[in-house]
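The values are calculated or read from the model by the stated rules, or taken from the named source; none is laboratory data. Please read all numbers here as calculations on a predicted model, not as lab measurements. Here the Cβ is made from the backbone with ideal geometry for all residues, glycine too, and neighbour counts use every protein chain on show.
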Amino acid sequence: MCNPSAVQRQMFDRKLLAVLIVAIAAGLGLFAALKFFGHDAARRPALQATLLYPQPRNVPDFSLQQSDGTQLTSGELHGHWTLLYIGYTFCPDVCPTTLQDLAQAQKQWTALPDSTRPRLLFVSVDPQRDTPARLGEYVHAFDPDTLAATADAATLENFAREFGLVYMKVEGPHFAENPNDYSMDHSANLVLLDPQGRIAGTLRPPFEPAKIAADLTLLSKESQP
């Protein structure tokens, strides 16, 4: 990857600072919950790789285009615990490594009922190159059950901001001659959505498939009526 320009880096740093502020606030909220509501916190499931927030946060409705051409709306995620990951198909390292780890986790929860089975949603932040067809081919090579979606640039920017994620285009040395000579810096953490579609927690790398599978299996079983 090439180094971004000073202006690009400043823009990314500002976005990153905003996300860090949200993360710090969430951490302080977790500390307060443990200090003042220890009894309730003690009843939370014992998770190995997942940080649950003290209070799930609602997000605005959204609509993304799935790899099969249909629309994915926020309501379609209800009823399942969902892991959200942003990236792009031209990613040379982090994205394929993460999707491979998550595919191993997905295989371990296939025995759960389809009605409550956890989901993985991969959202491409590179709509210029990631057509729905390419996106589906790439993502489903790791696991065919993964939801793959993208949107126009403005929609993606709003979507990422609502979920506390950041990304930035990094132009390569031949960008002036080749507009496809760029990479995308992006958040590496996973966002956990609860069965009501709210932001419920986060998972940070390095990812351990067995622990992720155990966490999502436990959460899914505990949320069953």
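Collect the residues in the stretch 146-155 that are over 13 Å from residue 86 (Cα atoms) and either surrounded by 15 or more Cβ atoms within 10 Å (Cβ to Cβ) or among the aromatic types (Phe, Trp, Tyr) (or both), keeping them in residue-number order.
First, the residues of the stretch 146-155 that are over 13 Å from residue 86 (Cα atoms): 152-155.
Selection gives 155 alone.
Could you identify the single residue in 98, 110, 73 that is at pLDDT below 95 and β-branched (Val, Ile, Thr)?
Details: 98 fails: at pLDDT below 95; 73 fails: at pLDDT below 95.
Matching residue, one of 98, 110, 73: 110.
Going by the structure shown, is residue 12 of a type in the set (Phe, Trp, Tyr), at pLDDT 95 or above and out of contact with any helix residue (DSSP H, G or I) (no Cβ under 8 Å at 6 or more places or on another chain)?
Working: of a type in the set (Phe, Trp, Tyr): yes; at pLDDT 95 or above: no; out of contact with any helix residue (DSSP H, G or I) (no Cβ under 8 Å at 6 or more places or on another chain): yes.
Criteria not met by residue 12.
Filtering the stretch 113-145 down to residues that are under 15 Å from residue 167 (Cβ atoms) and of a type outside the set (Phe, Trp, Tyr), which residue is surrounded by the fewest Cβ atoms within 10 Å (Cβ to Cβ)?
Restricting attention to the stretch 113-145, the residues satisfying the condition of being under 15 Å from residue 167 (Cβ atoms) are 122-130.
If we keep only those that are of a type outside the set (Phe, Trp, Tyr) too, we end up with 123-130.
Values: 123: 26, 124: 31, 125: 24, 126: 24, 127: 17, 128: 13, 129: 15, 130: 23.
The extreme case among them is 128.
Looking at 135, 156, 112, 102, which one is under 22 Å from residue 58 (Cα atoms) and either within 11 Å of the chain's Cα centre (by Cα) or not basic (Lys, Arg) (or both)? Walk me through it before giving the result.
Details: 135 fails: under 22 Å from residue 58 (Cα atoms); 112 fails: under 22 Å from residue 58 (Cα atoms); 102 fails: under 22 Å from residue 58 (Cα atoms).
On inspection, the qualifying residue turns out to be 156.
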- Message: Please verify whether residue 79 is in contact with a strand residue (DSSP E or B) (Cβ under 7 Å, 6 or more places away or on another chain) and either touching a residue at least 12 places away in the same chain (Cβ under 8 Å) or surrounded by fewer than 18 Cβ atoms within 10 Å (Cβ to Cβ) (or both), treating the condition exactly as stated.
- Response: no
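Considering every residue within the stretch 83-102, establish whether at least one is farther than 22 Å from residue 165 by Cα, in contact (Cβ under 8 Å) with a residue 60 or more places away in the chain and in a helix (DSSP H, G or I). Even if it seems obvious, please write down each step before you answer.
Taking the stretch 83-102 as the starting set, the residues that turn out to be farther than 22 Å from residue 165 by Cα are none.
No, every residue in the stretch 83-102 fails to be farther than 22 Å from residue 165 by Cα, in contact (Cβ under 8 Å) with a residue 60 or more places away in the chain and in a helix (DSSP H, G or I).
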- Query: Here are some conditions: (1) without any contact (Cβ under 8 Å) to a residue 40 or more places away in the chain; (2) buried (at least 18 other Cβ atoms within 10 Å of the Cβ); (3) β-branched (Val, Ile, Thr). Residue 110 meets all but one. Which one does it not meet?
  - Reply: (2)
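Can you list the strands (runs of 3 or more DSSP E) lying wholly within the stretch 139-225 that have 1 or more residues being touching a residue at least 60 places away in the same chain (Cβ under 8 Å) and out of contact with any Leu (no Cβ under 9 Å at 6 or more places or on another chain)? Outline the logic, then answer.
Working: elements: 147-150, 167-171, 182-186, 190-193, 199-203.
It comes to 167-171, 182-186.
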- Residues of the stretch 73-96 satisfying the condition of being under 17 Å from residue 172 (Cβ atoms) and of a type outside the set (Val, Ile, Thr): 88, 90, 91, 92, 93
